[in-house]
Amino acid sequence: MRGPHRWRYVILSRCRQLNFIDALLTSFQVTNYASLLNEVARVLRPGGIFVAGEWGRCAALTGGQNPDLVIPFTVDFYSAVRQVLWARGLYPAVYDDLEGLLVGSRHFDHVEYHVYEMPIGDWPEDSQRRWMGIEFRGILELYAMSMKVMLREAGWPNVDQLIDGFRYEIYNVPGMVCRFKTVYARRGRTMVQN
């Protein structure tokens, strides 16, 4: 089962009121994040904690560089993935909207978020971040190759060229990062009916 119905089943089948719920990397499963938040609020005890985390499906660079000019294949790749996910009824913009969705649900009385940057490639001077960047670049390459099938099935044009360009950029353009957003929210003392 896809979407919030699966979440509802999992939450209902395990317990009645929870102290803590996390939802990580949901944009390939959840079609209606607002419904998910309603369900989370329903089973989360007053004062309970909800934590979420999502990768941004977008191109990012350090130093204020313009991604459209510096990494155009990466920009186009993430745009294509987002459009195909939207067409499949999924919600790839969760990263962009996460804290707004939580605040807008009116179920949580405290919401805070943090954005972390994961380097892509061997450009960082710090040896630990360089190692992380090299490993993460390999993960993104696998991700791109797996998305190739989905993009082809959706009839996306020039998929091989798009993926080859993306792979070239992650291996050759310094300063590329992926952003990961975490959100911490505490459920309010009263339940708001949406």
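Points to keep in mind about this one:
- With respect to (1) in a helix (DSSP H, G or I); (2) free of Cβ contacts under 8 Å to residues at least 24 places away in the same chain; (3) out of contact with any Pro (no Cβ under 6 Å at 6 or more places or on another chain), the lone exception for L162 is condition (2).
- Residue check, V149 farther than 19 Å from A34 by Cα and at pLDDT below 95: yes
- Per-region count, region 158-183, residues open to solvent by 20 Å² or more (accessible area, probe 1.4 Å) and modelled with pLDDT under 95: 3
- Among residues of region 99-113 that are more than 11 Å from F50 (Cα to Cα), those with a beta-carbon under 7 Å from a residue that is part of a strand (DSSP E or B) and among the polar types (S, T, N, Q) at least six positions away or on a different chain give the pairs Y113/T182.
- Entry remark, region 17-36: residues being open to solvent by 70 Å² or more (accessible area, probe 1.4 Å), within 21 Å of G188 (Cα to Cα) and assigned to a strand (DSSP E or B) number 3 in total.
- Condition check for M132: hydrophobic (A, V, I, L, M, F, W, C) and over 22 Å from Q29 (Cβ atoms): yes
- From the list V111, V115, the lone residue that is surrounded by fewer than 16 Cβ atoms within 10 Å (Cβ to Cβ), modelled with pLDDT of 90 or more and either in a helix (DSSP H, G or I) or among the hydrophobic types (A, V, I, L, M, F, W, C) (or both) is V115.
- Residue check, G53 touching a residue at least 40 places away in the same chain (Cβ under 8 Å), buried (at least 18 other Cβ atoms within 10 Å of the Cβ) and over 24 Å from D164 (Cβ atoms): yes
- Screening G89 with (1) in contact (Cβ under 8 Å) with a residue 24 or more places away in the chain; (2) buried (at least 19 other Cβ atoms within 10 Å of the Cβ); (3) not in a helix (DSSP H, G or I) gives one miss only, at (2).
The values are calculated or read from the model by the stated rules, or taken from the named source; none is laboratory data. Only a predicted model underlies this, so the values are computations on that prediction, with no experimental measurement involved. FYI the Cβ positions are ideal-geometry reconstructions off the backbone, even for glycines, and counts take in every protein chain you see. Note: accessible area is taken over every heavy atom of the protein model, side chains too, but ligands, DNA and RNA are not part of it. Shrake-Rupley method; radii C 1.70, N 1.55, O 1.52, S 1.80 Å.
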